[in-house]
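A quick write-up on the structure given underneath.
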Amino acid sequence: MSPITIAILAACGGLVGGFIVRTILNAKNQEDLDSKSKELILSAKEEALKVKEEAKKEQDERKKELEKLESQLRERELSLERRSEKIDNDKTSLEKEQDEIQKIKEEISSLKEKTQKELEKVAKLSKDDAKEQLLQQIEKDYSEDMIRKIRSMKETMRKQWEVEAREIITTTIERMATEQTAEMTIAYVTLPNDEIKGKIIGKEGRNIQAFEKATGVDLIIDETPDTVLISSFDPVRRAVAHKALTMLIKDGRIQPAKIEELVKKAQDQVEDDIKEAGEAALQEVGLTGIHPELTRLLGSMKYRTSYGQNQLNHAVEVAHIAGVLAREVGADVNITKKGALFHDIGKAVSHEYPGSHVEAGVELAKKYGLGEAVVNCIEASHEDAEAKTVEAILSRTADAISAARPGARRESTEQYIKRMTELENVANSFPGVQKSFAIQAGREVRVLVKPEIIDDLTAMKMAREIANKLEADLQYPGTVKVNVIRETRFAETAR
């Protein structure tokens, strides 16, 4: 064989051998794999059996728990049923008892009515009459105790209230120092001599006619030496006429043309005085931001009086008093002062308005923007409306203090006597009054009662009733104290 052939055969032999070796190895590996696969399958089956057994065991446990819960629910249901039955039985029993109680109540009520009728028949008195007699007997037996208790309570409250009120009012009044002068509707002009009277009258009275026409006043030239009277109910016109006549007398040239010139000049001066008086009043009280027209009207009150009391001075005094009262009690001082200062502002224009001076003042306050609180102070100043704020009450109180203090106002003898008589007549109108006396310029009424008719408790009631009637029927400055006096005297004669 050639070497090539030998090589080929060798090569082929090598391939066959390798194949046989690989075949043998592959067979061995397959057996191993089959063995491992069987092991894995067996292991998986064992694991599955364990899981199955655990699941079954868990299922059995849950089944037992469910059966236990079911048993508990059955027991609760039975318990609820038993309770429901018991409640129904109790309800039925209560309804029966309620019916029985209602029947018993009806029987008691019927028996009570029957007993009451029998008692009324025996006593010959009705229930209301017996009650009235019992109350009268109690009042008679314990009237002294009741009077003593009422007096004690009133005395305690009066002392407390009087102390507080006295401190506030005394503090207020002692800080005030004002002067009041009585003014009338007539002004006097002193003449240097009686010859000037002829010049004032003029030829055929043309000078006096021109003067009266220009000023709107009446000149009264009589036999009174060195005096001319200027009469007018308008205080501003009276002031203008006084200034104009004074300037005419000083000038000496009294004729119609000069009269018109000086009257115009006097009017301008009075108008300036009015403005200055209004501004001075506002400055004295400490108020700002007031409308100029309202300031002018306030100043015009300088020439107006009420019961002889100058209205501008009165308004300023009331504002000061009200301001001190407001500070003492903690109220709004600004509102209180405004309400007090302008409480009578309607008197400056009351002749121009159809209503009262209060209505005119309210309209002016609204027109010039003083505010609702100040408007209420004005409308409540004479109790024409209810005082809605503390400031309104303080303003009204300050007005009463200013008007009622001694020397502030004057009144005619006829008015004084009439007021005294009215006070006594009101007291005398009550049954059981023996006599009454109005004393202390009408500040107190002493009432003497018949002791055999009026007892102590009735006397106490009478004092309150008389005070209420005075408040309702009469008008008076300040306050009136009603003092009911009951006196019992016992007398015997020794023989």
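Taken together, the values in this text are just the output of simple stated rules run on the coordinates, not laboratory data. Because the structure is a prediction, the values reported are computed rather than measured. Every residue, glycine as well, gets a Cβ built from its backbone with ideal geometry; the counts of neighbours run over all protein chains shown.
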Report the full-extension gain for the segment GLU95 to ARG62: residue separation times 0.36 nm, less the Cα-Cα distance, to one decimal in nm. 7.0 nm
Show the residues, 5+ positions off or on another chain, whose built amide H is closer than 5 Å to the amide H of GLN434. LEU448, VAL449, LYS450
Normalised by the empirical 2.2 N^0.38 Å for globular proteins, what value does the Cα Rg of the stretch 413-486 take? 1.05
Reference-scaled alpha-carbon Rg (2.2 N^0.38 Å with N residues) for the stretch 281-349: 1.07
Rank the residues HIS382, HIS357 as a footprinting-exposure proxy: fewest other Cβ atoms within 10 Å of their Cβ go first. HIS382, HIS357
Ordered by residue, what ³J(HN,Hα) values in Hz, to whole numbers, does the stretch 336-344 give under the Karplus form 6.51 cos²θ - 1.76 cosθ + 1.60, where θ = phi - 60° and Gly and Pro are x? 4, 5, 4, x, 6, 5, 9, 5, 10
Mind checking Rg over Rh on the stretch 183-296, alpha carbons, Kirkwood formula for Rh? 1.07
Relative contact order of the stretch 413-486, please, whole-number percent, based on alpha carbon pairs below 8 angstrom and at least 6 residues apart. 33
